[in-house]
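Trainee: Below you will find the structure I want to go over with you.
Derivation of every value follows stated rules applied to the coordinates shown; laboratory data play no part. The structure presented is a predicted model; accordingly, all values stated were derived computationally and were not measured. Reconstructed Cβ throughout: ideal geometry from the backbone, glycine too, with neighbour counts over all protein chains shown.
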Amino acid sequence: MILKIIIYAAIFYAIFYALKGIFGSIQRQVSEEEGGDGSGGGEVADDEMIVCPECETYFPSGIGIPRRVGRERHRFCGEECAGEFSVRGGPPE
Ligand SMILES: [Zn+2]
């Protein structure tokens, strides 16, 4: 019985890692396509905690909403913050 649980756990683990690898490579491709300027500056790992420039909340950059505001690219915790920031055209006072 316990062997069965271990086997299931191993399979689950393998699937989880396979999916993580697939999504990781997709996200890399997407960010390379939208990157464009070639400087590479400002790119962060998906699991890195970054601060939303609008509401100053920490969140994993992988779930962030990338948005270009003026000449700069920012990553927001959600669509609402991205909207507010881009409407104002800069960080809150
Ligand atoms: Zn925010």
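Trainee: Which of Arg67, Arg28, Arg73 comes first, and how do the rest follow, when ranked by fewest Cβ neighbours within 10 Å?
Mentor: Working: Arg67 18, Arg28 12, Arg73 15.
Ascending number of Cβ neighbours within 10 Å: Arg28, Arg73, Arg67.
Trainee: Next question, about the same structure. At R0 = 22 Å, how high is the FRET efficiency between Ile15 and Asp46 if r is their beta carbon distance? Nearest 0.05 is fine. Walk me through the intermediate numbers first.
Mentor: On the way: r = 19 Å, r/R0 = 0.86.
With R0 = 22 Å, the Cβ-Cβ based efficiency is 0.70.
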